[in-house]
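Report on one structure; see the data block that follows.
Each value in this text was obtained by applying a stated rule to the coordinates, not by laboratory testing. No experiment lies behind these values; they were computed from the predicted model shown. Heads up, the Cβs are rebuilt from the backbone with ideal geometry, glycines too, and the neighbour counts pull from every protein chain shown.
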Amino acid sequence: MLKKIKILVVEDEALTARYLKIELEELGYDVLTPIAKGEDAIPVAIQENPDLILMDIRLAGGLDGIEAAERIITKKKIPIAFMTGYATEEIKERALKIYPLAYLEKPVDIDSINQILTLIKG
């Protein structure tokens, strides 16, 4: 039996987080409970070791998604796909410096995420 791909959604907009969780589960993925704050995502990512983190850049709390991603990847090499609705050139440059698997502009299309996950499946 094939291992289910596990995804961590880090998104502070509750409706978006719920939509992503429902849609990805319908496609057969294992989706952890979404997290709204970057500082809360770090221990969960390290403990759960997901196959992909869908990380919003602007988050509730003290850390933005880029800072949270940097802290996560120093401990575990987990692929990250950034999502943002507020893409300035400076934010995009910061995000691309950590070599994410993808950089997606909101509204995020579930088919785009599924294509990224197809790459992870191999």
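Please give the residues of the range 53-68, grouped as numeric ranges, whose backbone N is less than 15 Å from a label point set 7 Å along the Cα-to-Cβ vector of E23. Zone members listed by number: 54-56.
Here's how it looks for V31: its modeled amide H is under 5 Å from those of I7, which are all 5 or more places away or on a different chain.
Rounded is the label for the chain, because a/c, from the alpha-carbon gyration tensor with a ≥ b ≥ c as root eigenvalues, stays below 1.5.
As a rough footprinting exposure proxy, the listed residues K106, K75 were ranked by other beta carbons within 10 Å of their own, and the order from fewest upward is K75, K106. Backbone amide hydrogens, once placed in the peptide plane, bring M83 within less than 5 Å of M55, D56, I57, L104, excluding anything fewer than 5 places away on its chain.
Relative contact order for the chain: 22 percent, from Cα pairs under 8 Å spaced at least 6 residues apart, divided by residue count. Where does helix 65-75 land angle-wise versus the long Cα axis of the chain, in degrees 0 to 90, nearest 10? Between the helix axis and the principal axis of the chain, the angle is about 70 degrees.
At full extension, S112 and K3 could sit 37.1 nm farther apart than now, given 0.36 nm per residue minus the alpha carbon distance. Fully extending the segment from E93 to E105, taken as 0.36 nm per residue of separation minus the present Cα-Cα distance, adds 2.9 nm. Counted residue by residue at 0.36 nm each, then reduced by the alpha carbon distance between them, the extension gain from K37 to K77 reaches 12.4 nm.
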